[in-house]
Structures are given as C-alpha cells and as structure tokens.
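*Asks:* The structure is given below, and queries will be raised subsequently.
Read the figures in this text as sums done on the coordinates, not as results from a lab. Here the structure is a predicted model, which is why all the values come from computation and not from measurement. Cβ sites come from the backbone with ideal geometry, for glycine too, and all protein chains shown count toward neighbours.
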Amino acid sequence: MSRYKPYLRYKESGVAWLGEVPEGWEVKKLKYCLTLQNKKMPIDDKIVIALENIESGTGKLLESDTNYQGEDVSCKKNDILFGKLRPYLSKVYLCRDDGIAFGDLLSYRPNEDFNALYAFYTLLSHHFIHIVDSSTYGTKMPRASADFIGEMPILNPAFDEQTAIADFLDRETAKIDTLISKQERLIELLREKRQALISHAVTKGLDPNVKMKESGVEWLGEVPEHWEICRIGNIFREATEYGKTDLPILRVSIHDGVSDREYLTEEMDRKVARSEDRSKYKCVKPGDLVYNMMRAWQGGFGAVKVDGLVSPAYVVAKPLKPLDTTFVELLLRTKPATEEMRRYSRGITDFRLRLYWEEFKNLKIVFPPKEEVRDILSYIETQNDHVDKLVNKARQSITLLKERRTALISAAVTGKIDVREEVS
C-alpha cells in the first residue's frame, strides 16, 4: 500500500484489532449504523438470494437453478446481506433490487448517515470477517451470532468521506477484477490448447506427413494408415474380482481419472457414501481401465496406476494383452469420444444415462504400434508440463491480485490509507 499516503493525524481507537484510526473518525457498534431486518416474506415471484448466489470475497451475484421454498427475510435495494454460515467464506452482498434473503443470510439496512457501499466494503474487510469467524459456534456447520455481529465495532467517518472511500474501492477493485478475469481466461485458453494437442496426438499421431486412411468410424474420421482399428471388447474383458480388504479404495473423477491413493472422508464430496464392508469392492490392478457407468460420458473413467479397490457400481476392464491403458484413457477423453459414449449410454435423461459393458465393449477405437504409443505419451507429458507451468503462473497472479484486493479494502475502511484525493 506504499502508493497511498496515510492520514495526517491518528488517534487510538480503543479496539485492539483496529489500532490507530484517523482523527475525526468515530468508532461505533455495528447495530447503531446498520439495522438488522427481521420481516419475514413468503417466496413467491420475488428475487431470491441465498449463500450459493454470492461469490466469496467479491460480493458478485451468481446464478443458480435451485428451487427455493419457504419464507425468509425481506431485503431492499442497498441492504447488505452477510453470510453467517462459515463467515470465512466472505459471503457479503450489496442488494441491487428488492427481494428475499434466503437461508443463512443476515440482512442489514444502513442508517441514513451511513453509505451503503461503504458499509458493504466494511463488512467484506478481512479484519471484520476474521473477528466474526472466530466467534462462530457449531462444529460441522459453524455460524456467527447476529448478537455478536451487532456488537462489532466499525468505523464511521463523515458521510462524504465514506462515499469517497466507497467510490475509490469500487474503481480499484474493478481494475483488479478485470486483471483476474484475464488470468482466468488465459487458464481456460491454455486448457483448451492442451486438450486440442492431446486430441490431435491420440487420433492423428505426431508425424504431419504420415499417410492417412478412413477409419470407418464416424467419431474418429481419418487416422494414420498403419494404426489398428479395434473394438474395445477385442482388447479388454470385464472383470469382477472381490475379496481383498487391505487395499486402498480409489476414486474415479471426471477430471482426473483414477486416483493413486485413498481419499480421507473429509476430502470426499458430501454426496458420496462409502460402505464399511471393503469385501464388496472390486479389485483393480495397474493397467486396468475403470469407468463409472453413470458418468462415463462426462469423463468418469481412467487407467489404474496402483493396486486398489473401486466401487462395485463401476465397471472394471482388464486388457487381454499388454498395452498402455493411459493411451486409451486419453483417447476416450477427447470430446468426440465422450459424445460417442453418450450415444451408447442408455437412459431417459442425462442424469440417468448408464453405459453398460455390453455397449461399451462395442465402441471402436484406434491404436498405434507400441513404440508410437510411447512417443505420443512422452510428447503429451512434455506438453502437459509446459501448460501446467503456465497455468500455475497464472494462478499465482490471481492469488496475488486477490490478496491485493483484500488488503486494499481493509486498509481503506480502517483508515490506514487516505484515498480522498484519489477520487477528487
């Protein structure tokens, strides 16, 4: 924050976490600046805002297809919504319209002498969030008390100064958010480029001058002339081996394939239920191909890297001859392949689609000679390393930008920097 100058004179606030504050600023309890709204309103056709609709740390509104039912607290334009469930998520929103605050949201209405945008940034500031979060009760679902929040000390500068601070933060955070969006878009483009490189490598090979032939398979199109076209059922067989209980239970992800370790309960999606009886799980070995019948068409499959167990609901395919199953996984992860698996899946709607072994084994794939498979996988590994470095660099930039955003808000609303001339 060295770019911005401090105020000329400070005084002790009497609050440890606030420290010194600009002379002329008042320290008040939140309940004397913002009024907690308690009026219940039925959810009809009103705009409904829940925790999931608020982006952490930014206060941006996110869309959701959740069907909210019941009633909750009314909110009007310029009210501040504060997420009391897991406050560390920094779910704070400045209302743009009248509506309903649903679920674990507290609705605050700024008094006439308190700028709504300044109030929003105050409640979003790191120090405020940290103190509120330290007060929560409940282990699994920690919540903050409205009474505790009402007693929280906040700073109350003159109204025109509040407006200047709010306008400054709106402008500067918008700049930071634009830079963050550019880095996020860069990550998307890098991932798209990686997928395009992989898709070309596993369907066309690495030699741009190789002679091509029609594969006779619609989703594959032309492939190198010397590559083999085969049914999955000709190189894999379905396997159902049970009984081993000392092996790790492996997870199958639509993004990362088959894990190489067992995940702890707290690392798992809360919707995933795991049986205590390990003897019911299917055994897998390195080189096996595993897929989730309900999510294969979304990428829910992968090559096994370690001895382990998988859900009895999954299909395990063992190779009939030595081959690198990683190549098959990468091939099946291409967009045309997942569309083909979707076409072979049975069900009325997307979330009920299932890809049974009887259908899966009839899918036709392409397979290069062993040496060429090795070269292709080596090329893909090199490209992945290169893209990963660029993605990590972009992520680091995003982290630094978010840290700057947080620090700037806290410094401005606590008077550590004087921004009045910045907006004059």
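*Asks:* Tell me which of Ser253, Asn209, Ser145 sits at the most positive position along the dipole axis of the stretch 142-281, charges placed on C-beta atoms (Lys, Arg +1; Asp, Glu -1).
*Replies:* With unit charges placed on the Cβ atoms, the residue in question is Asn209.
*Asks:* Charges at C-beta only: +1 for Lys and Arg, -1 for Asp and Glu. How large is the resulting dipole of the chain about its Cα centre, in Debye rounded to 20?
*Replies:* 680 debye
*Asks:* Distance from the Cα centre of the stretch 30-102 to that of the stretch 349-424, in angstrom?
*Replies:* Cα centroid to Cα centroid, the span is 30 Å.
*Asks:* Moving on. Give the residue from Gln383, Asn362, Leu400 lying farthest towards the positive end of the charge dipole for the stretch 357-415; charges sit on Cβ (+1 for Lys and Arg, -1 for Asp and Glu) and the dipole is referred to the Cα centre.
*Replies:* The residue sitting most towards the positive pole is Leu400.
*Asks:* Here's another thing I want to ask about it. From the C-alpha coordinates alone, can you work out the Kirkwood hydrodynamic radius of the chain, in Å?
*Replies:* 25.8 Å
*Asks:* Which percentage, to the nearest 5, of the DSSP beta bridges contained in the chain is antiparallel? Kindly include the intermediate steps, with their values, before the conclusion.
*Replies:* Values: 51 of 54 bridges.
Around 95 percent of the beta bridges assigned by DSSP in the chain are antiparallel ones.
*Asks:* Tell me, Ile187, Ile131 in order of fewest to most beta-carbon neighbours within 10 Å?
*Replies:* Ranked by crowding around the Cβ, least crowded first: Ile187, Ile131.
*Asks:* Could you check the simple spin-label distance between Arg191 and Lys5, using points 7 Å along Cα→Cβ, in nm with one decimal?
*Replies:* Roughly 4.6 nm, to one decimal.
*Asks:* Right, another one. Please work out the FRET efficiency for the pair Lys280 and Leu89, using the Cβ-Cβ distance as r and a Förster radius of 41 Å; give the result to the nearest 0.05. Spell out each step's value before the answer.
*Replies:* On the way: r = 37 Å, r/R0 = 0.89.
The pair Lys280/Leu89 has a calculated efficiency of 0.65.
*Asks:* Could you tell me the distance between the Cα centroids of the stretch 115-165 and the stretch 296-328, to the nearest Å?
*Replies:* Going from one Cα centre to the other spans 50 Å.
*Asks:* Then there is this: Place a point 7 Å from Cα of Ala239 in the direction of its Cβ. Which residues in the stretch 288-319 have their backbone N less than 19 Å from it?
*Replies:* 288-293, 301-319
*Asks:* What full-extension length gain, to one decimal in nm, is calculated for Arg395 and Lys39 as 0.36 nm per residue of separation minus the Cα-Cα distance?
*Replies:* Full extension of this stretch gives 123.9 nm more.
*Asks:* Ok, one more. Give the calculated FRET efficiency between Lys182 and Ala407 to the nearest 0.05, with a Förster radius of 22 Å applied to their Cβ-Cβ distance.
*Replies:* 0.60
*Asks:* Please give the length that would be gained between Ala16 and Ile47 if that part of the chain were fully extended, namely 0.36 nm times their separation in residues minus their C-alpha to C-alpha distance (nm, one decimal).
*Replies:* Details: separation 31, 0.36 × 31 = 11.16 nm, distance 3.96 nm.
Extra length available between Ala16 and Ile47 comes to 7.2 nm.
*Asks:* Please report the projected area of the stretch 366-424's Cα convex hull averaged over all directions, in nm².
*Replies:* On the way: hull surface 27.8 nm².
In nm², the orientation-averaged hull projection of the stretch 366-424 is 6.9.
*Asks:* Right, here's the next one. For the stretch 107-189, what does the alpha-carbon gyration tensor say about shape, rounded, prolate or oblate, given a ≥ b ≥ c as the root eigenvalues, a/c under 1.5 as rounded, and a/b over b/c as prolate?
*Replies:* oblate
*Asks:* Then there's this: Relative contact order for the chain: what percent, with Cα pairs under 8 Å and sequence separation of 6 or more?
*Replies:* Values: 731 pairs, mean separation 74.9, N = 424.
Averaging sequence separation for qualifying contacts and normalising by length gives 18 percent for the chain.
*Asks:* For the stretch 1-67, which GluC sites (Glu not before Pro) are in a loop by DSSP, counting at most 11 other Cβ atoms within 10 Å?
*Replies:* Qualifying residues, ordered by number: Glu23, Glu63.
*Asks:* I'd like the orientation of helix 335-344 relative to the chain: the angle between its Cα long axis and the longest Cα principal axis, in ° from 0 to 90, rounded to 10.
*Replies:* With rounding to tens, the tilt is 70 degrees.
*Asks:* Among the trypsin sites (Lys or Arg not before Pro) within the stretch 131-217, which fall in a DSSP loop and have no more than 16 other Cβ atoms within 10 Å of their own Cβ? Display every interim value, and only then the final one.
*Replies:* On the way: sites: Lys140, Arg143, Arg171, Lys175, Lys182, Arg185, Arg191, Lys193, Arg194, Lys204, Lys211, Lys213; in loops: Lys140, Lys211.
Those that pass, being in a loop and sparsely packed, are Lys140, Lys211.
*Asks:* Could you compute the FRET efficiency for Asp375 and Met141, with r as their C-beta to C-beta distance and R0 at 60 Å, rounded to 0.05?
*Replies:* E(calc), rounded to 0.05, equals 0.70.
*Asks:* Can you return the lysines within cross-link range of Lys204? Criterion is Cα-Cα under 19 Å, with same-chain partners fewer than 8 residues away left out.
*Replies:* List returned: Lys193, Lys213, Lys335, Lys364, Lys370.
*Asks:* While we're looking at this one, here's another question. Considering the alpha-carbon set of the stretch 299-424 alone, what are its Rg and its Dmax in angstrom?
*Replies:* For the stretch 299-424, the Cα radius of gyration and maximum Cα-Cα distance read 24.3, 75 Å.
*Asks:* Further, regarding this structure: Between Asp256 and Asn78, how many nm apart are label points set 7 Å from Cα along the C-beta direction?
*Replies:* That separation, rounded to one decimal, is 4.8 nm.
*Asks:* Could you grab the relative contact order for the stretch 27-182? Cα pairs under 8 Å, six or more apart, rounded to a whole percent.
*Replies:* 27 percent
*Asks:* Given the rule -39500 (n - 2.57) for each run of at least 4 DSSP H residues, summed and divided by the residues of the chain, what is its mean residue ellipticity at 222 nm, to the nearest 500 deg cm²/dmol?
*Replies:* Only helices count here, giving -10500 deg cm²/dmol.
*Asks:* GNM on the chain, C-alpha springs below 10 Å: top fluctuator among Phe120, Phe82, Phe148?
*Replies:* Per the Cα network of the chain with a 10 Å cutoff, Phe148 tops the list.
*Asks:* Okay, moving on. If each residue's Cβ is checked for other Cβ atoms within 10 Å, how do Cys95, Cys75 rank with the fewest at the top? Please list the in-between numbers first.
*Replies:* Details: Cys95 21, Cys75 27.
Least to most surrounded, the residues fall as Cys95, Cys75.
*Asks:* Per 0.36 nm of contour for each residue apart, how much would the distance between Phe148 and Ile229 grow if the chain were fully extended, relative to their Cα-Cα spacing?
*Replies:* The Phe148-Ile229 span can extend by a further 22.4 nm.
*Asks:* Of Arg237, Arg86, how do they rank once you tally other Cβ atoms within 10 Å and put the fewest first?
*Replies:* Arg237, Arg86
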